[in-house]
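*Asks:* To start, I am sharing the structure in question, which I have written as structure tokens.
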Amino acid sequence: MSGSLTTLGIPKTISTEVEARRIQAKADGETLRAAFSRNQLRRDNVDWVVTVFLIFVHVGCFAAFVPAFFSWQALAICLVMHWVTCSIGICLGYHRYLAHKSFKLRAPAEFFVMLAGSLSGEGSPMTWAATHRLHHQKSDQDGDPHSPLIGAWWSHILWLFVKRKRTDQELLCRKYIPELTERPMMQFFEKTFAMWLWAQGLALIAAGWAVGGWQMAVSFVVWGMCVRMTAAYHTTWLINSATHLWGYRNYDTRDESRNLWWVAMLAYGEGWHNNHHAHPSVAPSGHRWWEIDMTWWVIRVLKATGLAYDVKSKIPTGRKANDVDTDDTSVASPSLSEAVA
Ligand SMILES: [Zn+2]
Ligand SMILES: [Zn+2]
């Protein structure tokens, strides 16, 4: 009997298993660190689908300077879709709901916010949430997918141009969003997020054509997709770059996160990024009375209508450095601890 026990009384088979898991977790962490490192951006390792799409959307903005392609209807579509996709889709849906579990949503509301996120052109919900959790766990340290300490342009846009292996993507999801990978709605959007984006373009062309012929169709696409998406891209990217560089700090976090008022205004409250890094699972990101958070207003409406529930709304007091809340299951689950063990 004693031959199967260690000196601490732990069966050898268990301690071997724990050791094997620790070694595997370390190897996985190393794989992801390499996958997101700056030196992956090489001419032979560019994700051309992402790169060409982003160039196309940006170049399309130049057509907005042509007076013939301006229309008030298209401007209205641009503003409404910017709010729907950026605030509701990304800030509320992908970020606070999916990546941080700051509240729960009834199924119809969940479908709508995931659809809004897909229409933003920022990729699938699962990849977004997994990459974001990695950012929180490694923020401004080795392994952060987009720290401006590596380079401001790297954190703003360049990190998106890297082609990453399918196996690395799968590992990222397995490690960082284990509770989401098997969910049918997540799998549905994983398979269809690009299709929704193209359907959106076709719908804008059809609507514009019906309203005012080919000129209006171009107007709808230029303002409703190119201008709106470019604006939304840069406002959300500023959170990765500017709010880890400039602004003030309410909390002594271990990273360089900052609260930056003008990014908060542009990005529907997400610019209070030091507050967010200090307490990632708290639903409101404005922690002082003047820190306006438009996305939080929508969460309150969803809560009032019963579409959102279990909202984590308690704003912490003090300046305690608390990057990973002990009650924050979105960034401190056992599987994540293993990932960096
Ligand atoms: Zn951050
Ligand atoms: Zn976050």
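*Asks:* Check 201, 269 and return the single one that is at pLDDT 95 or above and either part of a loop (DSSP other than H, G, I, E, B) or on the phi > 0 side of the Ramachandran plot (or both).
*Replies:* On the way: 201 fails: either part of a loop (DSSP other than H, G, I, E, B) or on the phi > 0 side of the Ramachandran plot (or both).
Sole residue among the options that is at pLDDT 95 or above and either part of a loop (DSSP other than H, G, I, E, B) or on the phi > 0 side of the Ramachandran plot (or both): 269.
*Asks:* What are the residues in region 226-245 that are touching a Gly at 6+ places or on another chain (Cβ under 6 Å) and crowded, with 22+ Cβ neighbours inside 10 Å, if any? Show your work before the answer.
*Replies:* Initial filter on region 226-245 (touching a Gly at 6+ places or on another chain (Cβ under 6 Å)): 226, 229, 243.
Within region 226-245, 229, 243 meet the criteria.
*Asks:* Let me ask you something else. Sort out which residues of region 140-153 are out of contact with any Ser or Thr (no Cβ under 6 Å at 6 or more places or on another chain) and surrounded by fewer than 20 Cβ atoms within 10 Å (Cβ to Cβ), and write them in order of number.
*Replies:* 141, 142, 149, 150, 151, 153
*Asks:* Could you say which residue among 56, 65, 111, 69 is within 18 Å of the chain's Cα centre (by Cα) and either farther than 30 Å from residue 271 by Cα or among the aromatic types (Phe, Trp, Tyr) (or both)? Break it down stepwise before answering.
*Replies:* Values: 56 fails: within 18 Å of the chain's Cα centre (by Cα); 65 fails: within 18 Å of the chain's Cα centre (by Cα); 69 fails: within 18 Å of the chain's Cα centre (by Cα).
111 is the lone residue from the list that is within 18 Å of the chain's Cα centre (by Cα) and either farther than 30 Å from residue 271 by Cα or among the aromatic types (Phe, Trp, Tyr) (or both).
*Asks:* The conditions are (1) more than 13 Å from ligand 1 (Cβ to nearest atom); (2) basic (Lys, Arg); (3) farther than 14 Å from residue 317 by Cα, and residue 288 fails exactly one of them. Which is it?
*Replies:* Only one criterion in (1) more than 13 Å from ligand 1 (Cβ to nearest atom); (2) basic (Lys, Arg); (3) farther than 14 Å from residue 317 by Cα is unmet by residue 288, namely (3).
*Asks:* Let me ask something else about it. Against the conditions (1) under 18 Å from the mean Cα position of the chain (by Cα); (2) without any contact (Cβ under 8 Å) to a residue 24 or more places away in the chain; (3) more than 25 Å from residue 159 (Cβ to Cβ), where does residue 297 fall short? Just the number, please.
*Replies:* In the conditions (1) under 18 Å from the mean Cα position of the chain (by Cα); (2) without any contact (Cβ under 8 Å) to a residue 24 or more places away in the chain; (3) more than 25 Å from residue 159 (Cβ to Cβ), residue 297 misses (1) alone.
*Asks:* Among (1) within 13 Å of ligand 1 (Cβ to nearest atom); (2) surrounded by fewer than 21 Cβ atoms within 10 Å (Cβ to Cβ); (3) not in a helix (DSSP H, G or I), which single condition is residue 252 missing?
*Replies:* (1)
*Asks:* Looking at 66, 57, 52, can you tell me which residue is more than 14 Å from residue 298 (Cβ to Cβ), touching a residue at least 24 places away in the same chain (Cβ under 8 Å), surrounded by fewer than 19 Cβ atoms within 10 Å (Cβ to Cβ) and not basic (Lys, Arg)?
*Replies:* It is 57.
*Asks:* Can you name every residue in region 224-245 that is modelled with pLDDT of 95 or more and more than 13 Å from ligand 1 (Cβ to nearest atom)?
*Replies:* The answer is 224, 225, 226, 227, 228, 229, 230, 231, 232, 233, 234.
*Asks:* Working carefully through the options 118, 102, find the one that is at negative phi, surrounded by 20 or more Cβ atoms within 10 Å (Cβ to Cβ), in contact (Cβ under 8 Å) with a residue 12 or more places away in the chain and away from ligand 1 (no atom under 16 Å from the Cβ).
*Replies:* None of the others qualify; the one that does is 118.
*Asks:* Quick one: which helices (runs of 4 or more DSSP H) lie wholly within region 122-195 and hold at least 1 residues that are away from ligand 2 (no atom under 14 Å from the Cβ), β-branched (Val, Ile, Thr) and over 22 Å from residue 100 (Cα atoms)? Step through it out loud before you land on a result.
*Replies:* Details: elements: 125-138, 152-156, 166-176.
Because the criterion is at least 1 residues that are away from ligand 2 (no atom under 14 Å from the Cβ), β-branched (Val, Ile, Thr) and over 22 Å from residue 100 (Cα atoms), the helices (runs of 4 or more DSSP H) in region 122-195 that meet it are 166-176.
*Asks:* Also: Would you mention how many residues in region 253-290 are within 21 Å of the chain's Cα centre (by Cα), away from ligand 2 (no atom under 12 Å from the Cβ) and of a type in the set (D, E, K, R)?
*Replies:* Total satisfying the criteria: 3.
*Asks:* List the residue pairs whose Cβ atoms are under 8 Å apart, where the first residue sits in region 16-28 and is surrounded by 12 or more Cβ atoms within 10 Å (Cβ to Cβ), the second is small (Gly, Ala, Ser), and the two are 6 or more positions apart or on different chains.
*Replies:* 22/341; 25/339; 25/341; 26/341; 28/339
*Asks:* Sticking with this structure for a sec: Within region 268-291, how many residues turn out to be crowded, with 24+ Cβ neighbours inside 10 Å, among the hydrophobic types (A, V, I, L, M, F, W, C) and out of contact with any Phe, Trp or Tyr (no Cβ under 7 Å at 6 or more places or on another chain)?
*Replies:* Residues that pass the stated criteria total 1.
*Asks:* Listed residues 207, 152, 217; which is more than 16 Å from residue 85 (Cα to Cα), small (Gly, Ala, Ser) and within 16 Å of ligand 1 (Cβ to nearest atom)? Break it down into steps so the answer makes sense when it comes.
*Replies:* Numbers: 207 fails: within 16 Å of ligand 1 (Cβ to nearest atom); 217 fails: within 16 Å of ligand 1 (Cβ to nearest atom).
Sole residue among the options that is more than 16 Å from residue 85 (Cα to Cα), small (Gly, Ala, Ser) and within 16 Å of ligand 1 (Cβ to nearest atom): 152.
The values are calculated or read from the model by the stated rules, or taken from the named source; none is laboratory data. In this text, all values refer to a predicted model and were calculated from it rather than measured experimentally. Neighbour counts run over all protein chains shown; Cβ positions are idealised from the backbone, glycine included.
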